[in-house]
Amino acid sequence: MNKKVSKPLSIVMLSGLVFTAACGGEEEAQVASNPSDLEGKEITVGTWKGTDAEVKAFDELLAAFTEETGIKAKKKVYNDYQTQLQTDLVGGTAPDVFYVDAFLAPELSKQGVLEPLDQYIEQAEKDLVDFYEPAINAFKSDDQLFGLPKDYSTLGLYYNKKMIEGAGFTADDIPSDMGELPGFLKELKGKLPSGVTPAITTSELARHMFVLQSGSTEVVDGDGMAVLAQSDQIAAMQPLVDAYQDKLVQRPADLGQGWAGDSFGAEKAAIMIEGNWAISHIEQNFPDVEMGTKEVPTIGGNSGSMMFTVSYSLNSDSEEKAAGWEFINYATSKDGMKIWSEGAGVLPSLKSIAEELNLQDDELKAPFVAAGAYATPWQKGDSLSIVAREYNNLLPAALKGDMTLEEAMKKAEETANKDIETQLK
């Protein structure tokens, strides 16, 4: 799946969708009593550009779907997915089914362009128990489900085997709890080659939200307002700030690079916490690096990670909703998901397929699969983009010591809430 965090949708463009899609969720679900009645129907499925493996796997999925149902499915590939999809939604030419990043799901569902799937699922007697619960929850808004997850990614801890072993440690010596990690990094620092930082972090809310929420305070409250400066949030994040100022952790920019995966691959950092997409990137671009992975250290004994997931969602304005639902149903069935996840090399959102592919025993992927059961979805209502923007803008000031963490987070919270209040007017 695409690893980049999506930008917020244009409010101006989406405002034109409200009238068009106002009745999208009010009609009775168009589920065929007999799927064979849909033979010969044609639908379009919207996707973004993927890797060669993803393109091949998706083509195989479409072919298998047509063979199974008789419904013709063609793909529409967007080069600039977000912008082009917005244009098609406004113009009434959007695909019948399309990918939706969980980050955008609340905003799109609020605008009425996504068809609620609850009735379709009920009438098809589709069992959702096999899905990883965080992946399903990522597409729920107002007690309705607006998509079914096609795959997911989570965060895990990467370590450079040669560096860890060269410093006299083993993988088991890397602490399993965040509270013990700074002490380990301090000990590791003195045993690493010159110019190598013990660990690297990406200073973004998309990587830190689960930490901020580890004390039970959500970063967005029930009214959609930012909450970033509560005492438990500051306490949870302060160790990272302290470690950064002690030179135990650095950012990619500090090392002259744009992404933690490249810094780790270039062996400028011994440890990083990053998504499973970094595995293939490092293997392809830094083949000499020997890496290992572990689950993200717990916080106070509680497991935590972030989940990034994408759904197949149904266009509320589609004229072929029944056929579109059949595609979603097939693509998220065991047969469909095995074709996609095995061919594309992604993590399946069905637990049974992960087990069938023995991903729980995969030396590198296993920690990311395990996190599928407990990770925090990168989704928190339609104001999250504003909250993330201000967090990302202000956290560096705290890391560099220009402001205290509490000062930075209070300013981020206040600035975000001013914009959110303006948006709500």
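Spot the failing condition for Y99; the list is (1) under 16 Å from the mean Cα position of the chain (by Cα); (2) farther than 23 Å from A135 by Cα; (3) aromatic (F, W, Y), and only one is missed.
(2)
All but one of (1) outside any helix (DSSP H, G or I); (2) over 25 Å from the mean Cα position of the chain (by Cα) hold for A398; which doesn't?
For A398, the failing item is (1).
Return the pair list, or none, for Cβ contacts closer than 7 Å from residues in the stretch 207-222 that are without any contact (Cβ under 8 Å) to a residue 60 or more places away in the chain to residues that are surrounded by fewer than 20 Cβ atoms within 10 Å (Cβ to Cβ) and not in a helix (DSSP H, G or I), at least 6 apart or on different chains.
Short answer, once both residue conditions are applied: T217/V227; T217/Q230; D221/V227.
Kindly indicate the residue of the stretch 356-370 that is touching a helix residue (DSSP H, G or I) at 6+ places or on another chain (Cβ under 9 Å) and part of a helix (DSSP H, G or I) and also most open to solvent (accessible area, probe 1.4 Å) among those meeting that condition.
Applying the filter and picking the extreme gives E356.
Yes/no matrix, rows are residues, columns are (1) closer than 30 Å to Q284 by Cα; (2) in contact with a helix residue (DSSP H, G or I) (Cβ under 9 Å, 6 or more places away or on another chain):
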residue	(1), (2)
K49	yes, yes
Q86	no, yes
A105	no, no
L108	no, yes
I121	no, yes
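Does the stretch 306-324 hold any residues that are under 30 Å from Y374 (Cβ atoms) and either among the polar types (S, T, N, Q) or open to solvent by less than 10 Å² (accessible area, probe 1.4 Å) (or both), and which are they?
M306, M307, T309, V310, S311, Y312, S313, L314
Quick check: anything in the stretch 374-389 buried (at least 23 other Cβ atoms within 10 Å of the Cβ) and either without any contact (Cβ under 8 Å) to a residue 24 or more places away in the chain or in contact with a His (Cβ under 7 Å, 6 or more places away or on another chain) (or both)?
Among the residues of the stretch 374-389, not one is buried (at least 23 other Cβ atoms within 10 Å of the Cβ) and either without any contact (Cβ under 8 Å) to a residue 24 or more places away in the chain or in contact with a His (Cβ under 7 Å, 6 or more places away or on another chain) (or both), which makes the answer no.
Tally the residues that are open to solvent by 30 Å² or more (accessible area, probe 1.4 Å), touching a strand residue (DSSP E or B) at 6+ places or on another chain (Cβ under 8 Å) and under 16 Å from V211 (Cβ atoms), restricting the search to the stretch 237-250.
Of the residues in the stretch 237-250, 1 are open to solvent by 30 Å² or more (accessible area, probe 1.4 Å), touching a strand residue (DSSP E or B) at 6+ places or on another chain (Cβ under 8 Å) and under 16 Å from V211 (Cβ atoms).
Residue under question is D242, and the condition is that it be within 28 Å of S141 (Cα to Cα) and of a type outside the set (A, V, I, L, M); does it hold?
Judged against the criteria, D242 is not a match.
Report whether or not F184 is in contact (Cβ under 8 Å) with a residue 40 or more places away in the chain and open to solvent by less than 20 Å² (accessible area, probe 1.4 Å).
When the stated conditions are applied, F184 does not pass them.
Looking only at the stretch 91-110, which residues are under 18 Å from D382 (Cβ atoms) and aliphatic (A, V, I, L, M)?
Answer for the stretch 91-110, where residues must be under 18 Å from D382 (Cβ atoms) and aliphatic (A, V, I, L, M): V100, A102, L104, A105, L108.
Could you tell me which numbered condition H281 fails, if it satisfies all but one of (1) closer than 24 Å to E42 by Cβ; (2) open to solvent by 40 Å² or more (accessible area, probe 1.4 Å)?
(1)
Does D262 satisfy the condition of being farther than 22 Å from P182 by Cβ, without any contact (Cβ under 8 Å) to a residue 24 or more places away in the chain, of a type outside the set (V, I, T) and assigned to a helix (DSSP H, G or I)?
yes
Within the stretch 325-341, can one find any residue that is open to solvent by 10 Å² or more (accessible area, probe 1.4 Å), polar (S, T, N, Q) and part of a helix (DSSP H, G or I)?
yes
Within the stretch 24-32, identify whether any single residue is under 19 Å from F146 (Cα atoms), at pLDDT below 95, part of a loop (DSSP other than H, G, I, E, B) and in contact with a Gly (Cβ under 8 Å, 6 or more places away or on another chain), and answer yes or no.
yes
The values are calculated or read from the model by the stated rules, or taken from the named source; none is laboratory data. Being a predicted model, the structure only gives us computed values, none of them experimental. Here Cβ is always computed from backbone atoms with ideal geometry, including for glycine, and neighbour counts include all displayed protein chains. The area values use the complete protein model at the heavy-atom level, side chains included, leaving out ligands, DNA and RNA. Shrake-Rupley method; radii C 1.70, N 1.55, O 1.52, S 1.80 Å.
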